[in-house]
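Asker: Before anything else, here's the structure in question.
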Amino acid sequence: MSILLAAFYFFYFSIIGVYIIFLPKVLSMTGYSASDIGIIFAAAPLVRFLVPFAFIRGLKIDITTFTVALLIMCLSAISFYFSLSNFYRLLFSNISFGVGLSLVLPYIELISLRYLGKEQYGKIRLFGSVGFILVALVLVKFLNAPNTALLYLLILTFITTAVAFTIAKKVDTLLEKHEETANDINLLQDWKLWVGLTLMQVSFGSFYNFFTIYVTDNGASLDMAIYLWSFGVIAEIFMLFFQGAFLRKNLLLILQFTTFTTAIRWLMLFLFPQNITLLFFSQSLHALSFALFHSAAISYLFHLYRHKSLAQQFFSGITYGFGAFAGALIAGFIYELYPKQLFLGSALIALGASLFLYLWGKQKSKQTL
């Protein structure tokens, strides 16, 4: 099972690499304007945010739903070929692709946590980071036409679907108990927790959407920007491999610490945008900001709620969906009007995330008294 899960993460995040790094370039090469590209890629996070609420309304998270999600992914990857020249068809293809992606990953994450445990999760999840960086290094050498990236996307989607379906068939009874589990997730009651987790992803809007532009505008070469990205992924892989010992500790404390560290990371980018040494040091903190935070967050929610699969859906949808959408919009607004203050805004947002998680910890302490 570990080999299958490692293969899934490798190919799934290879898809994400093609999708995030190269598809915007493909659309630009095809003639789409920046605003068109922005609209197309803003739609998927919104869908990711809305999907979990369908499960509250009665949609079941089971092998049937999972299989349908895989089918949607495949059909959407195919439809990109026939939609590239039409904005609305492409928008629909991207939305449906987002639906498939948003359903598949939380299901596999739940299986990973059940089979591997939080201590071993990172050693398997790191294969996703390897896949992401490898597809970037390989595809950049061959991206001479839009169809090249679309072919990579299609092939990787079919491979991911085959691996994911094999995993699901092997564990098709794993989540049967969930069907009888009542929803114990109260977003209003636990709002401090969810606001904290979401603000963390909002703070990443500047990084994911403008980091390359920001560092090159401040004197770094494009090659240096690529080295900085790669160094961050290497730091992420390192943490994923060795994080097991950390995850045996207080998970909420880890969340509070990593969000506070992220605020310091963004503040460094604001204060020293031209200092290459400090830029590399800030990228090393990606090990905490992403790798350790992500693993601690899904592990914490896994143990906090009985409705474990829905908790993972909400984490994926609310934080990485709505958080990514809001973060991109806020970062774009700040960078257009106050470009030098871009990462100051991110630092304040991440500090807010740490504050809300601290307040959540105080609330939990009172509830246990």
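Asker: Kindly provide the helix-only [θ] at 222 nm of the chain, computed as the sum of -39,500 (n - 2.57) over DSSP H runs of four or more divided by all residues, to the nearest 500 deg cm²/dmol? Provide the component values of the computation, followed by the final result.
Answerer: On the way: 15 runs with 284 residues, N = 369.
When only DSSP H runs of four or more count, the value is -26500 deg cm²/dmol.
Asker: If you don't mind, there's one more thing I want to ask. Would any residue of segment 113-131 have its amide N under 20 Å from a label point 7 Å out along Cα→Cβ of residue 242? List them or say none.
Answerer: Residues 118-130 qualify, since their backbone N sits under 20 Å from the label point.
Asker: Compute the accessible area per residue over the chain, keeping the other protein chains in place, probe 1.4 Å, unit Å².
Answerer: Working: 16370 Å² over 369 residues.
With all protein chains present, the chain gives 44 Å² per residue.
Asker: To the nearest 20 debye, what charge dipole does segment 207-317 have about its Cα centre, counting +1 at the Cβ of each Lys and Arg and -1 at the Cβ of each Asp and Glu?
Answerer: On the way: 5 positive and 3 negative charges, 120 e Å.
Once rounded to the nearest 20, the dipole reads 580 debye.
Asker: Mind listing the Cα extents of segment 1-152 along all three principal axes, in Å, largest one first?
Answerer: 46, 40, 22
Asker: Considering all alpha-carbon pairs of segment 193-263, what whole percent are spaced by more than 14 angstrom?
Answerer: Numbers: 1774 of 2485 pairs.
Of all Cα-Cα pairs in segment 193-263, 71 percent lie more than 14 Å apart.
Asker: How big is the charge dipole of the chain about its Cα centre, in debye rounded to the nearest 20, if each Lys and Arg gets +1 on its Cβ and each Asp and Glu gets -1 on its Cβ?
Answerer: I would put it at about 640 debye.
Asker: While we're here: So the label point goes 7 Å from the Cα of residue 276 along Cα→C-beta, right? Which residues of segment 203-229 then have their backbone N under 18 Å from it?
Answerer: Residues 212-229 qualify, since their backbone N sits under 18 Å from the label point.
Asker: Would you mind telling me the share, in percent, of accessible area of the chain contributed by carbon and sulfur at probe 1.4 angstrom? Let's see the in-between values first.
Answerer: Values: 11280 of 16370 Å².
The C+S portion of the solvent-accessible surface of the chain is 69 percent.
Asker: Same structure, new question: Can you compute 3J(HN,Hα) from phi for each residue in segment 234-244, using the Karplus curve 6.51 cos²θ - 1.76 cosθ + 1.60 with θ = phi - 60°, rounded to whole Hz and x for Gly and Pro?
Answerer: Once rounded to whole Hz, the list reads 4, 4, 4, 4, 4, 5, 4, 6, 9, 7, x.
Asker: For the pairs 118/170; 170/249; 141/340; 123/170; 308/362; 25/170, flag any whose C-alpha to C-alpha distance is greater than 29 Å. It would help to have the intermediate numbers written out before the result.
Answerer: Details: 118/170 21 Å; 170/249 31 Å; 141/340 33 Å; 123/170 21 Å; 308/362 23 Å; 25/170 38 Å.
Listed pairs above 29 Å: 170/249; 141/340; 25/170.
Asker: Using only Cα atoms, figure out Rg for the chain and give it as a multiple of 2.2 N^0.38 Å.
Answerer: Against the empirical 2.2 N^0.38 Å value, I get 0.95 for the chain.
Asker: Could you compute how fast segment 222-369 diffuses translationally, taking Rh as the Kirkwood radius over C-alpha pairs and applying Stokes-Einstein at 20 °C with viscosity 1.002 mPa s? Give it in µm² per second.
Answerer: Values: Rh = 16.6 Å.
In µm²/s, the coefficient is 129.
Asker: Taking every pair of distinct Cα atoms and averaging 1/r, then inverting, what Kirkwood hydrodynamic radius in Å comes out for segment 78-144?
Answerer: On the way: mean 1/r = 0.0682 Å⁻¹.
Its Kirkwood hydrodynamic radius stands at 14.7 Å.
Asker: What value in Å³ per residue do you get for the convex hull of the alpha-carbon atoms in segment 301-369? Can you show the working numbers first?
Answerer: Numbers: hull volume 5.6 nm³, N = 69.
Value for segment 301-369: 81 Å³ per residue.
The values are calculated or read from the model by the stated rules, or taken from the named source; none is laboratory data. Model, not experiment: these values are computed from the prediction. Counting neighbours? That spans all protein chains shown, and the Cβs are built from the backbone with ideal geometry, glycine included. Heavy atoms of the whole protein, side chains included, go into the accessibility calculation; ligands, DNA and RNA do not. Shrake-Rupley method; radii C 1.70, N 1.55, O 1.52, S 1.80 Å.
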